[in-house]
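Taking it in order: structure first as structure tokens, then the write-up.
The values are calculated or read from the model by the stated rules, or taken from the named source; none is laboratory data. In this text, all values refer to a predicted model and were calculated from it rather than measured experimentally. A quick note on method: Cβ atoms are made from the backbone with ideal geometry, for glycine too, and the neighbour counts reach across all protein chains shown. To get the accessible areas, we keep the full protein, side chains included, count just its heavy atoms, and leave off ligands, DNA and RNA. Shrake-Rupley method; radii C 1.70, N 1.55, O 1.52, S 1.80 Å.
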Amino acid sequence: MYRALYPYGVPRFAPRWLLMSALAALHVAVSPDAAAALQERDCGDRASLAIAIRDESGLVPMPGATVVLRWTDAVRRPVRKAADSEGRLLLCVPRDARQATLWAEFGDASSEEALVTLDPGMAHEVELRLLFGEMRTGRLVGLVRDARTHRPVAAAEVSVAHRAEVTGSNRRGLFVLSGLPVGEHELSVRHLGYAPLTHPVTVTRGLTTEVEIGLSPDPVELEPLVATATRPRRLEIKGFYERKYWGELSGGGTFFTAEDIARRNPVRITHMIADAPGVRLAGCTLRGYSCKLYSSRGATGFAGGGCLMNVYLDGSLVVRESDQRWYGGTGSINDFVLPVEIGGIEVYRGAGSLPAEFSGSDSRCGAIVIWTR
């Protein structure tokens, strides 16, 4: 059983007055020197973005809150960074980015989404206020494709019935609709040269629903295609889906979702992980215990014909390549987690493909990252 904690040891399920009292006690006003540093940081000819994360009232800064930022018009990885001790984050904007969508997360709370237009050489300030009350909204994240060619469809108009907000798909066919009331909605997608599509979707409280849409070229008679899936909130906050998207796009990793595991229904999760390219299984007993996973990279000179991979469980390193032990004793993933308990798996077979949060001086053999439900 895990008990999530806010920064400084405040339980996530603590009464709101206790959380706010703890944060208020930690509030330190931004000193003039700190404010000047924020304003004067040199980003050259690039735009700068100063983000302040606060509570609903706008009075209490939220240190440690996570800012999620997507560049809506540039092919770059999303940013996921924690605010400093004063609830602030300062970024230098990439030269090819002109627009960004961002929001903040803190435990189960999140802010409304903000859209910022970025001018080169200019400083931009954004305040994000976390909503700690019961969330009554959700978010749709979607991909629009051509149903015949499967290529992304850019500039498609996406909306839901009875709401004024209309968004467009970017050049990779991606779109986001946030702040949607919980419940059933009618999604509408239109683009010149395609038959218009309407389809019912369900928005879940505090969660992101993924929608994949196949538009039928008009006047060709094809049935439009719509597939939906709801992301587990916990995995989304941990950045699993962002790493999965960029990892699969660049070929930098292999990813398994809970749905993948359910379809395969493996008796031992190591057997499924070993199907990832460049990963081999060794050391298993007859009953399937004590299995270890090795990367095929750098196999020469390593015991077992490979390089033992680091293993992370819910973000914590539990098997280290250098000592080849689980918490100081023998064992394997199979001994500590069952396939039905797993929400997602990331497999990186070399140090070059590892995200920053899982890389270090002892990561030459890559890593396996497991997230429980």
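Scanning region 328-373 for residues that are over 22 Å from residue 252 (Cα atoms), at pLDDT 85 or above and part of a helix (DSSP H, G or I) gives 339, 340, 341. Within region 344-373, being open to solvent by 40 Å² or more (accessible area, probe 1.4 Å) and more than 18 Å from residue 80 (Cβ to Cβ) holds for 349, 351, 352, 360, 361, 364, 373.
Within the option set 126, 144, being under 17 Å from residue 43 (Cβ atoms), assigned to a strand (DSSP E or B) and of a type outside the set (S, T, N, Q) holds for one residue only, 126.
Taking the conditions (1) open to solvent by less than 20 Å² (accessible area, probe 1.4 Å); (2) assigned to a loop (DSSP other than H, G, I, E, B) in turn, residue 290 satisfies each one other than (1).
Applying the criterion of at least 1 residues that are buried (at least 18 other Cβ atoms within 10 Å of the Cβ) and more than 23 Å from the chain's Cα centre (by Cα) to the strands (runs of 3 or more DSSP E) found wholly in region 185-272 leaves 197-203, 208-215. With the condition kept exactly as written, say whether any residue in region 169-177 is part of a strand (DSSP E or B), in contact (Cβ under 8 Å) with a residue 24 or more places away in the chain and either under 16 Å from residue 217 (Cβ atoms) or open to solvent by 30 Å² or more (accessible area, probe 1.4 Å) (or both). Checked region 169-177: at least one residue is part of a strand (DSSP E or B), in contact (Cβ under 8 Å) with a residue 24 or more places away in the chain and either under 16 Å from residue 217 (Cβ atoms) or open to solvent by 30 Å² or more (accessible area, probe 1.4 Å) (or both). What number of residues within region 293-317 are at pLDDT below 75 and assigned to a loop (DSSP other than H, G, I, E, B)? Residues flagged as at pLDDT below 75 and assigned to a loop (DSSP other than H, G, I, E, B) within region 293-317 amount to 7. The lone criterion from (1) touching a residue at least 40 places away in the same chain (Cβ under 8 Å); (2) surrounded by fewer than 13 Cβ atoms within 10 Å (Cβ to Cβ) left unmet by residue 155 is number (1). Checking each residue in region 117-152 for being in contact with a His (Cβ under 9 Å, 6 or more places away or on another chain) and free of Cβ contacts under 8 Å to residues at least 60 places away in the same chain picks out only 117. Number of residues in region 65-85 that are open to solvent by 40 Å² or more (accessible area, probe 1.4 Å) and not in a loop (DSSP other than H, G, I, E, B): the value is 4.
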